Structure formats: C-alpha cells, structure tokens
Amino acid sequence: MVTNDRPKMLFRATEIAALDEFVFNHPLNPASEIRGRMMSRLTGLTRTGVSIVRVPPGKESFVYHSHRHEEEWVYVLSGRGVAEIDGEDHEVAAGDFMGFPTPSVAHHLRNPFDEDLVYLMGGEHRDCDVADFPRLRKRLIRSGEEIRVVDWDDLKAFSG
C-alpha cells in the first residue's frame, strides 16, 4: 500500500469558509483588527503566504509599515477601504491590486466605511525580515520565530 504524505493541494470554497477564522490585533495599533483564514499553509506552502482576510468597519489592518526583505501584495475582493501608500491616501475597492516590492514604501489599510473590507493578501515568508514603523520610530527584526522591536534611537551603527 502506498501512502501519500503530501498535504492536500486543492481546497474548495466551502472548505475554506468552514475553517476557523483567526483574529489578529497588531500590538502597536489599538485600532488594528483583521479576521481571516490562512490558505497557503493548508497546502504545504512555506515560502509564501496567502490569506483571505477582512477588516471590519472602523478598524485598520496592521500599522503603517515598510519591509526591507519580504514583498507583499493585496487584492481587494469586496468592500471599500483607504490604502495609505507612501504618505498618500487612496480609496480602494473590489478589483484593486497593490504590490509592494522591496525595499517597500510604507503602507497601511483602514476601513472607515459601513461594510467589511475583504481582500486576499500574500507575500514572501523568508527566514529573516526587517520592518520599519516610521510614525512610531520603531524597527521590527524577525529571525525565524524570534521577533524583536527596537526604538530607532536605540539603533547603533556597527563598524568593524
């Protein structure tokens, strides 16, 4: 008998809808609330992430940030939102796409409207990344599962 240890490759819409929804609130933004389902991990993808998420009315995605090493993208499925990209606000709606190659400009989504903002989001999942939070003057450094946040004023130049 041959066993197949590979993860399942196809998930139907009904299976995705039946998944438990995760809730994430960014610790540096009290207005942050996203709810969603991680789809990429279900199929065994480890180097890229894809999730379907929603931002409820009056809430925001994460915190205004940029990445040094991991590219990100967002594709709006329904609802409306405001994307702040490099300091400029843009209203976004179903069918709009945003891509953030690295090093990326700072970006953020918020939902000031009366219905959920629903979108696909994805990007790379590298072993290490650096993200800046320019308004907060903080830097996130991630190596594997270890995550550290430091104030910009505490960063020192390293010279050999």
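The numbers here are math on the coordinates, done by the rules we state, and not lab data. Computed from a predicted model, the values in this text were never measured in an experiment. Note that we place each Cβ from the backbone using ideal geometry, even for glycine, and neighbour counts take in every protein chain shown.
Over the chain, DSSP H runs of length four or greater, each weighted -39,500 (n - 2.57), average out per residue to a 222 nm ellipticity of -1000 deg cm²/dmol. Annotation: extensible slack from residue 126 through residue 90 equals 10.1 nm (criterion: 0.36 nm per residue apart, minus Cα-Cα distance). Dividing the mean sequence gap of close Cα pairs (under 8 Å, 6+ apart) by how many residues the chain holds gives a relative contact order of 21 percent.
For residue 70, the residues whose modelled amide H falls within less than 5 Å of its own, excluding neighbours fewer than 5 places apart on the same chain, are 130. Sorting 145-157, 25-37 by their mean Cβ neighbour count within 10 Å, with the most densely packed peptide first, gives 25-37, 145-157. FRET efficiency for the pair residue 102 and residue 149, taken as 1/(1 + (r/R0)^6) with r the Cβ-Cβ distance and R0 = 25 Å, rounds to 0.80. In the chain, one over the average inverse separation of all distinct C-alpha pairs is 17.1 Å, which is the Kirkwood hydrodynamic radius. Residues of segment 48-62 falling in the label zone of residue 15, defined by backbone nitrogen less than 18 Å from a point 7 Å along Cα to beta-carbon, are 50-52. Label points 7 Å out from Cα along the Cβ direction at residue 113 and residue 47: separation in nm? Placing both labels 7 Å along Cα→Cβ, they lie 3.6 nm apart.
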